[in-house]
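Input: a single structure, listed below in structure tokens.
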Amino acid sequence: MTRVAVLGCGRWGRNVVRTFAELGALSAVVDPDPTAHRVAAAVAPGVPVHSDADAILADPSIQAVAIAAPAP
């Protein structure tokens, strides 16, 4: 299965995180907001949450990144 990281865990991002977690494909979540870290931990317990995207971009086990950022 493809290992995915999600960039953004805000309003819509939490749904993306939940979906990939339910599929068993979620490897990590990235969001600079500490509140989003708590949301990610609640939605996908045990999945690493980072503040900086460099952590996931340097991880060779992550094969794809889903971006769930605000449109503006």
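The values are calculated or read from the model by the stated rules, or taken from the named source; none is laboratory data. Since the model is a prediction, treat every value here as computed from it, not as a measurement. Note that each Cβ is placed from the backbone with ideal geometry, even for glycine, and that neighbours are counted across all protein chains shown. Just so you know, the surface numbers come from the protein's heavy atoms only, side chains and all, with ligands and any DNA or RNA stripped out. Shrake-Rupley method; radii C 1.70, N 1.55, O 1.52, S 1.80 Å.
Scanning region 17-38 for residues that are among the aliphatic types (A, V, I, L, M) and within 18 Å of Asp59 (Cβ to Cβ) turns up Val17, Ala21, Ala25, Leu26, Ala28, Val29, Val30. Being among the hydrophobic types (A, V, I, L, M, F, W, C), in contact with a strand residue (DSSP E or B) (Cβ under 9 Å, 6 or more places away or on another chain) and open to solvent by 30 Å² or more (accessible area, probe 1.4 Å) is a condition met by at least one residue of region 9-17. Pairing each residue of region 47-72 that is touching a residue at least 12 places away in the same chain (Cβ under 8 Å) with any residue that is open to solvent by 60 Å² or more (accessible area, probe 1.4 Å), provided the two are 6+ apart or on different chains, yields C-beta distances under 6 Å for Ser51/Pro32; Ser61/Arg3; Ile62/Arg3; Gln63/Thr2; Gln63/Arg3; Ala64/Thr2; Ala68/Trp12. For region 1-52, the tally of residues that are aliphatic (A, V, I, L, M), modelled with pLDDT of 95 or more and assigned to a loop (DSSP other than H, G, I, E, B) stands at 3.
In region 18-50, of all residues being open to solvent by 70 Å² or more (accessible area, probe 1.4 Å) and small (Gly, Ala, Ser), the one that is farthest from Ala68 (Cα to Cα) corresponds to Gly46.
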